[in-house]
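Asker: Please see the structure below; I have some questions.
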Amino acid sequence: MTAPRLYFVAAESSGDLLAREVIDRIRVKKPEVHVSGIGGAEMASIGIESPIDISPLSILGLFEGVKVYATVVKLADIAADAIIADAPDVVVLVDSWGFMLRVAQRVRTRAPHIRLVKLIGPQVWATRPGRAKPLSATVDHLLCMHEIEAPFYEPYGLKTTVIGNPALSRHEWGRPGEFRSRHGIPADAQAILVLPGSRRSEIKRVAPALVEAARILKESDPDREIIMAPAASVAAEFADAFPDATDWATVSHDASERYDAMVAADLALACSGTVTTELAMQGTPMIVAYKTGWLTWALARGFLYQKRHITLLNIISDDQEIVPEFVQTQQTPDLIAARALYWLTNPDVLAEQRAAQQIALSRMKEGDRDAAEIAADVILTEAVA
């Protein structure tokens, strides 16, 4: 019997990381499996070279997506061609709703015998529950993060497996002393970590408010240390946007010290996203910011978004704000800095925040197995189905 052939597609940095983790588990379980794929630096680090550049897919918002629609369609065509040429048994489509649906539809039409697995579903419980129907009609199996997702797919008969939040499976704990020592940050200095995002659009729309808020905090107390850790995928864009950042802050582009930086900080100012769960795991209090295009925001608030909050830690806590959010008009440096300053001068508040985040994390777990481990087992089962 020939070894199974798998093909992973990841369009953004968080999906690229998850794909790499799942592939690592698969190779341990079945070393003979052939794996190809489309992705970024994480997949490349384990020998999977992408035939296309995925960076144009780092977009944010409905109308921002419309602007690059032709590019998305072209890349979906190219991706489908690459998949068909590789002739896999299973294609695993990681996150990135719009692009992955287009890829899946093209593969389904041209090669209906190939099994399609969606790894991480669209947030049907928060926006657009109508996405459940087209996804169910296109893929064979959905690996979702939360139990609250599965009921949306039951009417359409899509097989679903809950794997839990992948971020909770990353057991690498940060080493605060090593990060501070490596970068010359005194052990007793207050440190604020800025996590400005992993998409180009986030560097444009979210990062300026976070960076300026950090500058205000630095100016109010020159002894405070500022750490900035933009994702490697947007390192160049961050450097172009904030050329003087290294003059008054420690800027780290090294993914290997990501968790060290988190646990070394007394407080994080973060762009909304997967990173908020990672911060909570490291026990780092945080303030979250987010901004998208105004037309996108108006449509989301008026018609699409069903929750009061955007941060998963808040949503999973019965939609209560345990993590402060500064969104759209509220995303201003002064408001963010004022909340941060209040927390930094009230240690008891920071302690309460850490405790609240841990309670939220406990609601996001799925048994004792790693998300990547569960996903690997399902994908291998699909490969021999």
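The values are calculated or read from the model by the stated rules, or taken from the named source; none is laboratory data. All figures in this text were calculated on a predicted structure; none of them were measured in a lab. Neighbour counts run over all protein chains shown; Cβ positions are idealised from the backbone, glycine included. Heavy atoms of the whole protein, side chains included, go into the accessibility calculation; ligands, DNA and RNA do not. Shrake-Rupley method; radii C 1.70, N 1.55, O 1.52, S 1.80 Å.
Asker: Where the accessible area of the chain is counted over protein heavy atoms with a 1.4 Å probe, how much of it, in %, is carbon and sulfur?
Answerer: 53 percent
Asker: List every residue whose amide H lies under 5 Å from the amide H of residue 225, counting only residues 5 or more places away in sequence or on a different chain, with H placed 1.01 Å from N in the peptide plane.
Answerer: Here the answer is 190, 191, 192, since their amide H atoms fall under 5 Å of that of residue 225.
Asker: Hey, rough spin-label estimate for residue 255 and residue 220, points 7 angstrom out along Cα→Cβ, what's it come to in nanometres?
Answerer: Result: 3.5 nm between the two label points.
Asker: So for each of 80-89, 107-116 I average, over its residues, the number of other beta carbons within 10 Å; can you give me the resulting order with the highest mean first?
Answerer: Put in order of decreasing packing, that is 80-89, 107-116.
Asker: Given (1) 32, 26, 21; (2) 48, 24, 18; (3) 36, 22, 21 as candidate values of semi-axes √(5λ) of the Cα gyration tensor in Å, which corresponds to the one derived from the coordinates?
Answerer: Label of the calculated value: (3).
Asker: Compute the acute angle (0 to 90°) between the alpha-carbon long axis of helix 97-110 and the principal axis of greatest extent of the alpha-carbon atoms of the chain; round to the nearest 10°.
Answerer: Around 10 degrees separate the two axes.
Asker: For residue 206, which sequence-distant residues (separation of 5 or more, or a different chain) have an amide H within less than 5 Å of its own amide H, given hydrogens modelled in the peptide plane?
Answerer: none
Asker: Relative contact order (percent) for the chain, with alpha-carbon contacts under 8 angstrom and 6 or more residues of separation?
Answerer: Dividing the mean separation by the residue count of the chain yields 17 percent.
Asker: Can I ask one more? Which value in nm describes the separation of the simple spin-label points at residue 342 and residue 377, placed 7 Å from the Cα toward the beta carbon?
Answerer: Calculated label separation equals 4.6 nm.
Asker: Here is a follow-up. Per residue, what accessible area does the chain have, given a 1.4 Å probe and all protein chains present, in Å²?
Answerer: 42 Å²
Asker: Beta carbons within 10 angstrom, averaged per residue: use that to sort the peptides 193-206, 32-45, highest first.
Answerer: 193-206, 32-45
Asker: If you don't mind, another one. Count the DSSP beta bridges whose two residues both fall in region 1-122, then state the antiparallel fraction as a percent rounded to the nearest 5. Each step should come with its number before you reach the end.
Answerer: Numbers: 0 of 15 bridges.
If I count the DSSP bridges inside region 1-122, around 0 percent turn out antiparallel.
Asker: Under a crude label model (7 Å from the Cα following the beta-carbon direction), how far is residue 204 from residue 175 in nanometres?
Answerer: 4.0 nm
Asker: Let me ask something additional. At a 10 angstrom cut-off on C-beta neighbours, averaged per residue, how do the peptides 326-337, 94-105, 181-192 rank from highest to lowest? Intermediate results must be reported in sequence, preceding the final value.
Answerer: On the way: 326-337: 17.4, 94-105: 22.2, 181-192: 14.6.
Packing order, densest peptide first, comes out as 94-105, 326-337, 181-192.
Asker: Another question about this same structure. Once fully extended, how much extra length lies between residue 81 and residue 384, figured as 0.36 nm per residue of separation less the alpha-carbon to alpha-carbon distance?
Answerer: Gain on extension, residue 81 to residue 384, equals 106.8 nm.
Asker: What share of the DSSP beta bridges in the chain is antiparallel, in percent to the nearest 5?
Answerer: That works out to approximately 0 percent antiparallel.
Asker: Another question about this same structure. How large is the helix-only mean residue ellipticity at 222 nm for the chain, computed as the sum of -39500 (n - 2.57) over DSSP H runs with n ≥ 4, divided by its residue count, in deg cm²/dmol to the nearest 500?
Answerer: Mean residue ellipticity at 222 nm (helix-derived): -12500 deg cm²/dmol.
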